[in-house]
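Read the structure below first, then the notes.
Every number in this text was worked out from the coordinates using simple rules, so none of it is lab data. Note that the coordinates shown come from a computational prediction; the quantities given were computed from them, not determined experimentally. For neighbour counting, all protein chains shown are included, and Cβ atoms are generated from backbone atoms with ideal geometry for every residue, glycine included.
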């Protein structure tokens with residue numbers, strides 16, 4: 001559910017950042033609706049076992065990791081590309097060092113997120129951790145969250161170093177009324 005909620009917020013931000021682009025909005029909504037598939041699989045086809053030694057263990061179908069990768073990766077790439085387009089366009093238009101840093105940071109994050117998604121799917125599919133492989137998604141979520149926070153802190157620090165650069169004001173100025 002957290003993925004669906006996060007994607008809803010990202011759709012709204014991408015829609016506004018791209019001048020209220022309806023094709024982007026529709027593509028985002030469709031990709032968000034499709035995100036219910038892993039939830040449906042978990043609810044209907046996953047066996048949950050409770051043991052006295054290890055607590056709760058989820059036994060997911062073997063195809064679950066590929067289903068999740070097939071749904072998460074395109075959505076992550078769509079939103080990353082949409083935001084990178086805005087950032088690179090603003091860098092080209094304004095020529096600011098802060099926009100250059102945002103571009104570099106965004107590309108770096110997109111690559112890390114893709115690598116994390118692929119690694120999590122590979123660990124799940126290979127059952128490297130046995131019945132505990134499903135929990136790799138918690139680690140994937142945690143690392144992704146840390147990367148986002150680190151990127152935001154570096155970007156904010158870099159933006160404030162550049163004299164007179166107010167990221168919030170620039171973003172608001174570029175949004176259509």
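The slack in the chain from residue 156 to residue 111, taken as 0.36 nm per residue of separation less the alpha-carbon distance, amounts to 14.2 nm.
Among 108, 52, 3, the ranking by other beta carbons within 10 Å of each residue's beta carbon, starting with the fewest, stands as 52, 108, 3. Placing pseudo-labels 7 Å out from each Cα toward the beta carbon at residue 141 and residue 73 gives an inter-label distance of 2.2 nm. Axis of helix 64-94 versus longest Cα principal axis of the chain: the two differ by about 10°, to the nearest ten degrees.
Arranged from fewest to most other beta-carbon atoms within 10 Å of their beta carbon, 71, 77 become 77, 71. Using R0 = 35 Å, the C-beta based FRET efficiency linking residue 63 and residue 100 works out to 0.25. Residues 110, 124, ranked from the fewest to the most other C-beta atoms within 10 Å, line up as 110, 124.
With contacts taken as Cα pairs under 8 Å at a separation of at least 6 residues, segment 2-174 carries a relative contact order of 20 percent. Where in segment 112-156 does the amide nitrogen come within less than 20 Å of the point 7 Å from the Cα of residue 47, taken along Cα to Cβ? In segment 112-156, the label zone of residue 47 (backbone N under 20 Å from the point 7 Å along Cα→Cβ) covers 124-136. Helix 22-34 and the long axis of the chain differ in direction by around 20°, with both axes built from C-alpha atoms. Between 60, 48, 75, find the one with the highest GNM mean-square fluctuation for the chain; connect C-alpha pairs within less than 10 Å. Comparing 60, 48, 75 in the GNM, the peak value goes to 48. When P(r) over Cα pairs in 5 Å bins from 0, in percent is calculated directly from the model, which label among (i) 1, 8, 15, 19, 20, 15, 8, 4, 3, 3, 2, 1, 1, 0, 0; (ii) 1, 8, 13, 15, 12, 7, 4, 4, 4, 3, 3, 3, 3, 3, 3, 3, 3, 2, 2, 1, 1, 0, 0; (iii) 1, 7, 14, 18, 17, 14, 10, 7, 5, 4, 2, 1, 0 fits? The value computed from this structure is option (iii).
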